[in-house]
Amino acid sequence: MEDMEHNKAPSVIDRYYTRWYKTDIKGKDCEDQCVLQHSNRICVITLAESHPILQNGRSIKSINYQISAGCSRLHNRVSGKSKRGGQFLTEFAPLCRITCTDGVEYTIYSCIRGRLLEVNEDILERPELLLGKPSTEGYIAVILPKIEESKTVTNGLLSREEYESVVSKRTRSTQPEPQPEPQPEPCLGMGSQGLLTLSSAQLE
């Protein structure tokens, strides 16, 4: 059985992409995202599996790529092999806002610098893709870093191992600490009628 686990073929994502993570984005607990980096520089932005949207069977009410009155990621257009015309993003540029059915809204960020190639319009009509397949069909956007920044664009992100360590520490910190066992009260001698008995030395 163990041999079968070791010989299990890696997924397409793990075969062709390197996973990078940004945790607690903008100081918001557990709002983690994943950047899937391909060898051809393309980076796919997704939710990390620990993101609150993917926890506790939550449902999505809406996904909005309209960042401001004058900026919509849906209006992004690129052309040619050099992908000219795409919106340029900094690492904290918002990509979309996701509202869950409980009314909580989350902003999803680019996490890296680069040119926006596309956003995933499929999740607008089928938000269940984001919930069920966040690393594949439910991705958020695709970004192309500058050639000169392709090797440094993930600086400041966590490796898979570092991310798993962060999540593990969170889990341990949220577990209730074991309560100390109550100590028995010191025993006092009792007389035949339930009265404390004192020695003659104690009475003097």
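Computed values, structure above
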read-out	value
Residue check for TYR139: of a type outside the set (Gly, Ala, Ser), surrounded by 15 or more Cβ atoms within 10 Å (Cβ to Cβ) and part of a strand (DSSP E or B)	no
Verdict on THR18 being part of a strand (DSSP E or B), modelled with pLDDT of 95 or more and closer than 25 Å to ARG113 by Cβ	yes
Complete set of residues in the stretch 96-117 that are among the small types (Gly, Ala, Ser) and either part of a strand (DSSP E or B) or modelled with pLDDT under 95 (or both)	GLY114
Test result for ALA201, modelled with pLDDT under 70 and out of contact with any helix residue (DSSP H, G or I) (no Cβ under 6 Å at 6 or more places or on another chain)	yes
Some residue of the stretch 82-90 being farther than 21 Å from THR152 by Cα and in contact (Cβ under 8 Å) with a residue 12 or more places away in the chain	no
Output for the stretch 118-136, where each listed residue is open to solvent by 50 Å² or more (accessible area, probe 1.4 Å), in a loop (DSSP other than H, G, I, E, B) and in contact (Cβ under 8 Å) with a residue 40 or more places away in the chain	GLU121, THR136
Where a residue in the stretch 154-167 is farther than 11 Å from THR18 by Cα and its partner, wherever it lies, is part of a loop (DSSP other than H, G, I, E, B) and among the hydrophobic types (A, V, I, L, M, F, W, C), with Cβ under 8 Å and at least six apart	LEU157/CYS111; LEU157/ILE112; TYR163/ALA48
Residue selected from the stretch 70-95 under the condition open to solvent by 50 Å² or more (accessible area, probe 1.4 Å) and assigned to a helix (DSSP H, G or I), by the criterion nearest to PRO52 (Cα to Cα)	LEU74
Filter result for GLU164 (more than 16 Å from the chain's Cα centre (by Cα), at pLDDT 95 or above, open to solvent by 60 Å² or more (accessible area, probe 1.4 Å) and acidic (Asp, Glu))	no
Given (1) at pLDDT 95 or above; (2) at positive phi, number of the condition GLY156 does not satisfy	(1)
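The values are calculated or read from the model by the stated rules, or taken from the named source; none is laboratory data. Computed from a predicted model, the values in this text were never measured in an experiment. With ideal geometry, Cβ positions are generated from the backbone for all residues, glycine too; neighbour counts draw on all protein chains shown. Accessible surface areas use protein heavy atoms only, side chains included; no ligands, DNA or RNA. Shrake-Rupley method; radii C 1.70, N 1.55, O 1.52, S 1.80 Å.
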